[in-house]
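Inspection log for the structure reproduced underneath, given as C-alpha cells.
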Amino acid sequence: MNIKNCTTLVTGGASGLGESVVRHVIEKGGKAAILDFDSEKGEALSSELGDDVIFCKTDVSDENSVQKAIDQTITSFGEIQVVVNCAGVGTAKKVIDKKGNPMPIDFFNKVIQINLVGTMNVIRLAAVQILKNTPNADGERGSVINVASIAAFEGQIGQTAYSASKAGIVGMTLPLAREFADHGIRFNTIAPGIFMTPMLAQVPQKARDALSQMMPFPKRLGNPEEFAMLCGQLIENPMINAETIRIDAAIRMSAK
C-alpha cells in the first residue's frame, strides 16, 4: 500500500505513539482519522494538520462509538485502507495487594475491554469497509497494524492484566492474517519497548535516566517517530504479514 493514496484510521491517535503515526501519514501525503477519547488533544491535532485529518471522539470498547467514527471517516474520505490500533491503557495492579486484598475483577475486565476487546472491535468493523476496496496490482485491499507491548512476553509484577491483554493481541495476529489472506488484507503487530511518550514524560528525570541505562543499544528511550517509521514500513511492504515485531533496543524486562 502506498501511504500517499491511503486513508489511515488511528486509534489513540491524539497523543503519544498514535500521534506520531498520524503525523507520519500526513507527511507522506496520506489522510488520517484520529479515533481518541481526548477531544481537546484530538481536535487540536486535527486543526493543526489540516483538511486531510479528521477527529472522531471514540470509545474503542463501545460498538456504536466505533461504528460512528468509521461512518464519519467514510463520509469524509470515501474509504479506509489502513488501521493502526494504538489505543490502550497500562495501569498496573498486583493480584493481591499489601493488605491481602484481591485485585478487583472490574479492574482486570476494564484493561481487557479497552486493550484487547477494543482492538478487535475496531478490526471487525473497519474490515467491513476495507473489504469493499478495489485491490491494487498485488491484490491488496488493506493493512492492519495492532499494537502490543514487550510486556506480552516479559510482563512485570503488577502487569498481569496489561500483559494478558497484549499477549491476546499477539495471539490474534496469525489467525487474522490467515482469515483475511484471500481478501488481500495484511495483519501485523508491533510490540514496543519503552518510548518517550507524554505519559512517560511525567516520570521524574532520574527514573527516566535509569530506564535509559537498561537499554542495551541505543541507550535511550525510543522516539515516537521511530515507531511511526516502522508503521510506515508495515503499511508499504506487501511481504510483511502475520508478524509481531519488537521495537525495543534489545531490552528484556526484569521481574520488577
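The values are calculated or read from the model by the stated rules, or taken from the named source; none is laboratory data. Keep in mind that what you see is a predicted model, and the values were worked out from it rather than measured. Positions of Cβ are generated from backbone atoms using ideal geometry, with glycine treated the same way; all protein chains shown enter the neighbour counts.
Listed here are the residues, each with its yes/no results for (1) farther than 21 Å from Ile123 by Cα; (2) free of Cβ contacts under 8 Å to residues at least 60 places away in the same chain; (3) buried (at least 17 other Cβ atoms within 10 Å of the Cβ); (4) touching a Pro at 6+ places or on another chain (Cβ under 9 Å).
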| residue | (1), (2), (3), (4) |
| --- | --- |
| Asn2 | no, no, no, no |
| Ser39 | yes, yes, no, no |
| Leu45 | yes, yes, yes, no |
| Glu48 | yes, yes, no, no |
| Cys56 | no, yes, yes, no |
| Glu63 | no, no, no, no |
| Asp71 | no, yes, no, no |
| Ile80 | no, no, yes, no |
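Take segment 130-152 and flag every residue that is outside any strand (DSSP E or B), β-branched (Val, Ile, Thr) and in contact (Cβ under 8 Å) with a residue 40 or more places away in the chain.
Residues of segment 130-152 that are outside any strand (DSSP E or B), as a first pass: 130-141, 148-152.
Restricting the remaining residues to those that are β-branched (Val, Ile, Thr) gives 130, 134, 150.
If the condition is that a residue be outside any strand (DSSP E or B), β-branched (Val, Ile, Thr) and in contact (Cβ under 8 Å) with a residue 40 or more places away in the chain, then Ile130, Ile150 are the ones that fit.
Please find, among Lys93, Lys98, the residue that is charged (D, E, K, R), in contact with a Phe, Trp or Tyr (Cβ under 6 Å, 6 or more places away or on another chain) and either in a strand (DSSP E or B) or over 20 Å from Thr197 (Cα atoms) (or both).
Values: Lys98 fails: in contact with a Phe, Trp or Tyr (Cβ under 6 Å, 6 or more places away or on another chain).
Answer to the check: Lys93.
Mind checking which residues of segment 33-71 are closer than 16 Å to Val117 by Cα and outside any loop (DSSP other than H, G, I, E, B)?
Leu35, Asp36, Glu63, Asn64, Ser65, Val66, Gln67
Of (1) farther than 18 Å from Leu17 by Cβ; (2) at pLDDT 95 or above, Asn146 satisfies all except one. Which?
Among (1) farther than 18 Å from Leu17 by Cβ; (2) at pLDDT 95 or above, the lone unmet condition for Asn146 is (1).
Quick test for you: out of Val53, Val82, pick the one residue that is within 20 Å of Pro192 (Cα to Cα) and at pLDDT 95 or above. Walk me through how you get there before you give the answer.
Details: Val53 fails: within 20 Å of Pro192 (Cα to Cα).
None of the other options fit; the residue is Val82.
Among the residues of segment 202-229, how many are in a helix (DSSP H, G or I), out of contact with any Phe, Trp or Tyr (no Cβ under 9 Å at 6 or more places or on another chain) and closer than 25 Å to Ile169 by Cβ? Spell out the reasoning first.
Of all residues in segment 202-229, those in a helix (DSSP H, G or I) come to 205-213, 224-229.
Still in the running and out of contact with any Phe, Trp or Tyr (no Cβ under 9 Å at 6 or more places or on another chain): 205-213, 225, 228-229.
From what is left, the residues that are closer than 25 Å to Ile169 by Cβ are 211, 225, 228-229.
The qualifying residues number 4.
Which one of the conditions (1) in contact with a Phe, Trp or Tyr (Cβ under 8 Å, 6 or more places away or on another chain); (2) surrounded by 15 or more Cβ atoms within 10 Å (Cβ to Cβ) does Ala250 fail to meet, given that it meets all the rest?
Here Ala250 clears every test but (2).
With the structure loaded, tell me whether Thr119 is under 13 Å from the mean Cα position of the chain (by Cα) and either over 30 Å from Met239 (Cβ atoms) or surrounded by 17 or more Cβ atoms within 10 Å (Cβ to Cβ) (or both) or whether it fails that test.
Values: under 13 Å from the mean Cα position of the chain (by Cα): yes; either over 30 Å from Met239 (Cβ atoms) or surrounded by 17 or more Cβ atoms within 10 Å (Cβ to Cβ) (or both): yes.
Spelling it out, Thr119 is indeed under 13 Å from the mean Cα position of the chain (by Cα) and either over 30 Å from Met239 (Cβ atoms) or surrounded by 17 or more Cβ atoms within 10 Å (Cβ to Cβ) (or both).
Please find, among Ser165, Ser212, the residue that is more than 22 Å from Met1 (Cα to Cα), without any contact (Cβ under 8 Å) to a residue 40 or more places away in the chain and not aliphatic (A, V, I, L, M).
Ser212
In segment 168-201, how many are touching a residue at least 40 places away in the same chain (Cβ under 8 Å) and in a helix (DSSP H, G or I)?
To start, the set of residues in segment 168-201 that are touching a residue at least 40 places away in the same chain (Cβ under 8 Å) comprises 168-170, 172-174, 176-178, 180-181, 183-195, 197-199.
Restricting the remaining residues to those that are in a helix (DSSP H, G or I) gives 168-170, 172-174, 176-178, 180-181, 183, 198-199.
Summing the residues that are touching a residue at least 40 places away in the same chain (Cβ under 8 Å) and in a helix (DSSP H, G or I) in segment 168-201 gives 14.
How many of the residues in segment 198-251 are more than 17 Å from the chain's Cα centre (by Cα) and small (Gly, Ala, Ser)?
Qualifying residue count for the region: 6.
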